[in-house]
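Quick notes on the structure that follows.
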Amino acid sequence: MPIANGFLSPSQFADEYFFELQVAFCHECGMVQLVEQVPPEKMFHENYAFFSSTSAGMAIHFKELADLIMRDYLKSSDPFVVEIGSNDGITLQHIAGAGLRHLGIEPSLNVAQAAMDKGVQTLCNFFDEDLSREILSEHGQADVFLGSNVMCHIPDLPSVFAGIKILLKPNGVLIFEDPYLGDIVEKTSYDQIYDERVFYFALKSISHLGEQHGLEVVDLMPQGVHGGSMRYEVAHKGARTVSATVARQLAKEETLGLHKPDTYRRFRHNIERSRDDLMGLLHDLSQQGKRVVGYGATSKSTTVTNYCGITPDLVEFISDTTPIKQGKFSPGAHIPVRPYEEFVADYPDFALLFAWNHAAEIMAKEENFRRAGGQWLVYVPRVKVLK
Ligand code: DWN
């Protein structure tokens, strides 16, 4: 597999970086993770292609998170909020706007700059235990430590958790969310698996990780975003009451078989069937002379195009609203990425919805495509055409 967000120009094709995408499962702690890990600097840098604020739905989701934090978690006289992977400031901009002390930590300079332009104080760096000590001496401990869609991206999680242990006030909380393993397996959303995401969390694996650092999950809340996510609330062990939801979710994971190898054998079988169905459909449409365009040059689309073998003769281009991706080619499969305006100017017969996690938002705004006779191709949870 190539770098999921490594959109490139033809002059870079010859030197494109590839690695082996292989996923493993730990029988003891239940962690699911990549075997070969791409060095973080290859993925997160000054030309990072993903800006969190490109989806209106996500902007609402993270405003609600910021409002929740300001309402329920910042009771001290001069509260301090830290967020890792703060991207373009989608959450912290609201904390900053309220005049509260905050610090974003974001290793990709271009998205960090976008946050700073919004008035979000941001440190361009990777967070670890050493950095937590520096932050502690400069700002003191945090009331709330945030991480949205970032924790699962960090290879040295023990160092991150050790840093959080140091930086969190005695009654402080770590609130983080990531795509949930249960949803990935249930929906056969194998495209959630790519280089940036080293880990695929369940409550069991997170509880185990926390325990090793004197932290514990005190609550958790499923989130509808990004194809099914889980928000975990973690505190110093014994500092907060543990919600009954924790025991219920652990039991649910057992029932789902999330910690049994057979579950992953079935997952693989379902993935292979999904690939065969999708390729069968795309070949049929190609033979009928239909135009198919991809919608959303997501990180996930890199997994789908490369795993299934989707080539530019099957998908003419991928439409995306992100300027840094436009005019480039998709990683590995080298499908052109074009501005959204080209999709609207000449609607294809079919749109392959790579940004399926934003389906509600996208379908609502693409009524004209549908009225013009356009049809959606989706592949999560199974391959089908939406008329
Ligand atoms: O964990 C991660 C998740 C949360 O975000 C990161 N590793 C990277 C990123 O993953 P992704 O690229 O799969 O995220 P999205 O949000 O599914 O990407 C949507 C893409 O589609 C963006 O490039 C923007 C584009 N888009 C569009 O062209 N029109 C999105 C919407 C909503 C639209 O209407």
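One table, with the values for the structure above:
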| quantity | calculated |
| --- | --- |
| Qualifying residue in the range 264-284 (condition: closer than 22 Å to GLU316 by Cβ and among the aromatic types (Phe, Trp, Tyr)) | no |
| Failed item in (1) assigned to a helix (DSSP H, G or I); (2) closer than 22 Å to PRO158 by Cα; (3) touching a residue at least 40 places away in the same chain (Cβ under 8 Å), with VAL81 passing the rest | (1) |
| Subset of the range 129-153 that is in a loop (DSSP other than H, G, I, E, B) and closer than 17 Å to ALA112 by Cβ - its residue that is farthest from the ligand (Cβ to nearest atom) | VAL150 |
| Residue match in the range 212-223 (condition: surrounded by fewer than 19 Cβ atoms within 10 Å (Cβ to Cβ), of a type outside the set (Gly, Ala, Ser), farther than 25 Å from ASP72 by Cβ and more than 13 Å from the ligand (Cβ to nearest atom)) | yes |
| Within the range 23-70, considering residues that are among the β-branched types (Val, Ile, Thr), open to solvent by 60 Å² or more (accessible area, probe 1.4 Å) and within 14 Å of the ligand (Cβ to nearest atom), the one nearest to PHE145 (Cα to Cα) | ILE60 |
| Residue in the range 377-387 that is most open to solvent (accessible area, probe 1.4 Å), counting only those that are in contact (Cβ under 8 Å) with a residue 60 or more places away in the chain and within 11 Å of ALA351 (Cβ to Cβ) | VAL385 |
| Residue match in the range 335-357 (condition: more than 23 Å from SER53 (Cα to Cα) and within 12 Å of the ligand (Cβ to nearest atom)) | no |
| Which listed residue, of ILE184, ILE193, is within 16 Å of the ligand (Cβ to nearest atom), within 30 Å of GLU20 (Cβ to Cβ) and open to solvent by 10 Å² or more (accessible area, probe 1.4 Å) | ILE193 |
| Segments classed as strands (runs of 3 or more DSSP E), wholly inside the range 225-327, with at least 1 members that are open to solvent by 40 Å² or more (accessible area, probe 1.4 Å) and within 16 Å of the ligand (Cβ to nearest atom) | none |
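The values are calculated or read from the model by the stated rules, or taken from the named source; none is laboratory data. Because the structure is a prediction, the values reported are computed rather than measured. Methodologically, a virtual Cβ is constructed for each residue, glycine included, from the backbone with ideal geometry; neighbour enumeration extends over all protein chains shown. Keep in mind that these areas ignore ligands, DNA and RNA; they rest on the heavy atoms of the full protein, side chains included. Shrake-Rupley method; radii C 1.70, N 1.55, O 1.52, S 1.80 Å.
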